[in-house]
Protein chains: 2
Amino acid sequence: MARASTTADVFNAIAEAHRRQILDVLAAGEKPVGAIVDELAISQPQVSKHLRVLSEVGLVQCRALGRRRLYRLNPTCLRPVGDWVAKYEHLWNERLDRLDDYLSDLQRREGKRDKPSQGAL
Amino acid sequence: MARASTTADVFNAIAEAHRRQILDVLAAGEKPVGAIVDELAISQPQVSKHLRVLSEVGLVQCRALGRRRLYRLNPTCLRPVGDWVAKYEHLWNERLDRLDDYLSDLQRREGKRDKPSQGAL
DNA sequence: TTGACATATTCCGTTCTGGGAATATGATGT
DNA sequence: ACATCATATTCCCAGAACGGAATATGTCAA
């Protein structure tokens, strides 16, 4: 079967560092291809190809203006990624979470902090 | 140059759906390879290969116990991904953000809501 | 030691990739 | 019509991927 297509999935699309850089540039606002080429050190054909991938997964949208094409970020498509990593966020913030829980418990119950907070992992 | 190695980067490592599934399984706690093979519908060699990739980028860690190998999630390595998508979170929550801003302005200034909120994007 | 079990590795084939170079498409201005 | 600018596409290549099948490694039990 070989590797999945980069356009199969937002996860595959953002696996490429250059593509993430392009999204970062577009996060500042709608821009024509040339502006991306200038900001990053990528050749124009490469930028166009990456933009094609990003647009096929819906991460960017295009609008023609004269002989330029303005690309704009469509951040909604990053939600699946955000949701997926969010599941792990509390794990790498575990220490802080426990502190928060502890403080919340202190505030709420005023001295009855004894919940063992189910030590999974 | 061809495509980047899956072990080059956490982003590349999690691009594969099967690898994300494995991480999801391990989020519940340390498990031997066989348990992952049972929970998911992936052959044992494939699971081992995916675990190797995940371990090379640091996403999982291994511990030998008898003839089994217990794999455990190392969620810290997902932070770069979390941080990267976090930059976009406020964009896909924009409507809520604007509502929040609006309400804050209402509360703070009591009726002077006229700031055009700089329409970037 | 021998056999059964748990996991890792190697070999193979198909598929898809990112980059470079060259070229095609398309719009603007004169 | 023409030259120029802005972008997209095609052709090519080396490299890497996943999956399957087979095999190697390593551990326990008797």
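Please treat every number below as a calculation from the coordinates, not as lab data. Note that the structure is a prediction, hence the values are computed from the model and not measured. Methodologically, a virtual Cβ is constructed for each residue, glycine included, from the backbone with ideal geometry; neighbour enumeration extends over all protein chains shown.
Of note:
- Sole residue being of a type in the set (A, V, I, L, M), in contact with a helix residue (DSSP H, G or I) (Cβ under 9 Å, 6 or more places away or on another chain), within 7 Å of chain B (Cβ to nearest Cβ) and within 19 Å of B:VAL81 (Cβ to Cβ), chosen from A:LEU54, A:LEU59, A:LEU78: A:LEU78
- Scan of the range B:27-51 for residues that are more than 11 Å from DNA strand C (Cβ to nearest atom) and away from chain A (no Cβ under 13 Å), ordered by number: B:GLU39, B:LEU40, B:ALA41
- Checked against (1) within 11 Å of DNA strand C (Cβ to nearest atom); (2) more than 16 Å from B:THR7 (Cα to Cα), B:ARG72 passes all but condition (1).
- For B:ALA86: the one exception among (1) away from DNA strand C (no atom under 16 Å from the Cβ); (2) buried (at least 16 other Cβ atoms within 10 Å of the Cβ): (2)
- Contact annotation: residue pairs with Cβ atoms under 9 Å, 6 or more positions apart or on different chains, pairing a residue in the range A:50-68 that is outside any loop (DSSP other than H, G, I, E, B) with a partner that is near DNA strand C (Cβ under 9 Å from one of its atoms) and of a type in the set (D, E, K, R), are A:HIS50/A:GLU16; A:HIS50/A:ARG19; A:LEU51/A:ARG19; A:VAL53/A:GLU16; A:VAL53/A:ARG19; A:LEU54/A:ARG19.
- When the range A:40-73 is limited to residues that are surrounded by fewer than 17 Cβ atoms within 10 Å (Cβ to Cβ), under 20 Å from the mean Cα position of the chain (by Cα) and within 26 Å of B:ASN93 (Cβ to Cβ), the one that is farthest from DNA strand D (Cβ to nearest atom) turns out to be A:GLY58.
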